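> Mind looking over this structure? Questions follow.
The values are calculated or read from the model by the stated rules, or taken from the named source; none is laboratory data. Model, not experiment: these values are computed from the prediction. Cβ placement follows ideal geometry from the backbone for every residue including glycine, while neighbour counts extend to all protein chains displayed. Keep in mind that these areas ignore ligands, DNA and RNA; they rest on the heavy atoms of the full protein, side chains included. Shrake-Rupley method; radii C 1.70, N 1.55, O 1.52, S 1.80 Å.
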Amino acid sequence: MKRILIVDDAATVRLYHREILETADFMVDEAMNGIEALEKALQTGFDLFLVDINMPKLDGYGFLRELRGQDLPQAPAIMISTEAQTNDERRAYAAGANLYLIKPVKPERLLAQVRMLLGELHP
Amino acid sequence: MALIKTQCVEPIAEEAREAPRDCAGLISRLAASDPTARRWAARDLVDCPEAAAALVERLKQEVDVSVREVILTTLTSLGDPIAIAGLVDCLRSEDTALRNEAIEAMQQLPDAVAPVMHGLLADPDPDLRIFAVNILESLCHPQVETWLIEVIDQDPHVNVCGAAVDLLGEVGTRNARASLQRLKARFANEPYIRFAADLALGRLHEN
C-alpha cells in the first residue's frame, strides 16, 4: 500500500484529502506544517507528498527545499495552494515540486494526478 | 544535526545600544550593519509613537530573525493605524514568512484590526481576503462569527469561502446554519465546499 503524507495547516483540507485518498486505498499520514512534515519524512518513507504552500513555522517551499536537500530516496511532491499568483507555480517547481495544483481539487483529479506520479497511470 | 538552519541569537551587547537614543537616532539605527544595534533600536522605538512607518519599512527588508521578531513586537505594542496599515501591506508580500508574521501580529491587535477588517474582507485580491480570514482564526473579537458569515454569504471566491467555512467549524454557532446551507447551494459543484460545510454544520451542534 502506497504511503502519502498530507501537509496542510487547515484541518478540514487535511480531512478532505485524507478521505479521498483512503477511499482509493492509499495509506495516509498528516502534518500541520513543514517542520512536522520534515520530521515525519525523515522517520518514515513516503511514496508521495501533498503539500500546501502557506503554513506557519515552515511553509511548503521551505519544506520541499529541505526535503530535497536530504540524502534519502526522493518521492514525488504535489504542491497545492489557494493562490493563483503566477510566481507561486514557478517557485513551487524551483523548490522541488513535481506538480502544482490550485485548491480546491476535485477528488477524481487528485486521484488521477497522484496515480500518475506514482506510476500507476500514464499522463 | 539541526534540519533547519537556525540563527543564533547572540547576547545583546550594551555597546550596540550606543547614543543617540532619541527617536530620530533610533530610526536611523534601524539601518545599522550590526543586527544587535538594529535589535536594540527596534526595541527602544516602542517609546516613539511615530516610529511605525520606519519599523514596517525595515521589516520588509530585515533578514535577521531576531530583529524581525523585535520589530513585530514593537509594532504590536504601538498598534496604531500606521502600524496596522504597514502590517496589511506585508500581507501583500510574496515572502510567506513575512505574511505569516504579519498575520500573527495582527491577531494580537483585535481592537486595532477590527476597523479595517471589512476592508480586508472586501479587498479585490482573493489571496488577501484569505489572509484576512486567517487573521480571524485567533482574533479575540465578538464580531468574528459575523464576519465569517458575511464571507460565506457574499464572497464569490471558492477558496475564500473555504477558509471561512474551515474556521466556522471551530467557532461557529447555530447563527451560521442558514448561511452554511446557502453556501452549499451556491457552490453545489464544488465537492470541497460541500464537504467542509457539512463538517461545519455537524460541529455547530457542539459549539
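> Going through region A:42-60 one residue at a time, which ones are more than 22 Å from A:D88 (Cβ to Cβ) and buried (at least 21 other Cβ atoms within 10 Å of the Cβ)?
A:F46, the sole residue that qualifies.
> Test each condition in (1) within 12 Å of another protein chain (Cβ to nearest Cβ); (2) crowded, with 18+ Cβ neighbours inside 10 Å for A:V7 and report the one that comes out false.
(1)
> Could you please give the count of residues in region B:124-150 that are within 14 Å of chain A (Cβ to nearest Cβ) and either crowded, with 18+ Cβ neighbours inside 10 Å or in contact (Cβ under 8 Å) with a residue 24 or more places away in the chain (or both)?
Taking region B:124-150 as the starting set, the residues that turn out to be within 14 Å of chain A (Cβ to nearest Cβ) are B:124-138, B:148.
Of the ones still in play, those that are also either crowded, with 18+ Cβ neighbours inside 10 Å or in contact (Cβ under 8 Å) with a residue 24 or more places away in the chain (or both) are B:125-138, B:148.
The qualifying residues number 15.
> Which is at pLDDT below 95 and either assigned to a helix (DSSP H, G or I) or buried (at least 19 other Cβ atoms within 10 Å of the Cβ) (or both), of B:D166, B:D153?
Going through B:D166, B:D153 in turn, just one is at pLDDT below 95 and either assigned to a helix (DSSP H, G or I) or buried (at least 19 other Cβ atoms within 10 Å of the Cβ) (or both): B:D166.
> Return the only residue of A:E66, A:E36 being open to solvent by 30 Å² or more (accessible area, probe 1.4 Å), more than 9 Å from every other protein chain (Cβ to nearest Cβ) and in a helix (DSSP H, G or I).
Checking each option against the conditions leaves just A:E36.
> Separate question: Here are B:E94, B:E50: which of them is more than 11 Å from the chain's Cα centre (by Cα) and outside any helix (DSSP H, G or I)?
Being more than 11 Å from the chain's Cα centre (by Cα) and outside any helix (DSSP H, G or I) holds for just one of B:E94, B:E50, which is B:E94.
> Specify the residue that is most open to solvent (accessible area, probe 1.4 Å); the eligible residues are those in region B:169-185 that are assigned to a helix (DSSP H, G or I), more than 14 Å from every other protein chain (Cβ to nearest Cβ) and in contact (Cβ under 8 Å) with a residue 24 or more places away in the chain.
Top of the filtered list is B:R174.
> Looking only at region A:69-105, which residues are more than 10 Å from every other protein chain (Cβ to nearest Cβ), under 23 Å from B:L98 (Cβ atoms) and either outside any loop (DSSP other than H, G, I, E, B) or of a type in the set (A, V, I, L, M, F, W, C) (or both)?
A:M79, A:I80, A:T86, A:E89, A:R90, A:A92, A:Y93, A:A94, A:A95, A:A97, A:Y100
> Given the condition within 20 Å of A:K103 (Cα to Cα), in contact with a helix residue (DSSP H, G or I) (Cβ under 7 Å, 6 or more places away or on another chain) and not assigned by TED's automatic domain parsing to the domain that holds B:T74, answer yes or no: does some residue in region B:101-116 qualify?
no
> Follow-up question, since we're still on this one. So B:E190 clears everything in (1) more than 30 Å from B:T73 (Cβ to Cβ); (2) more than 11 Å from chain A (Cβ to nearest Cβ) except one condition, right? Which one?
(2)
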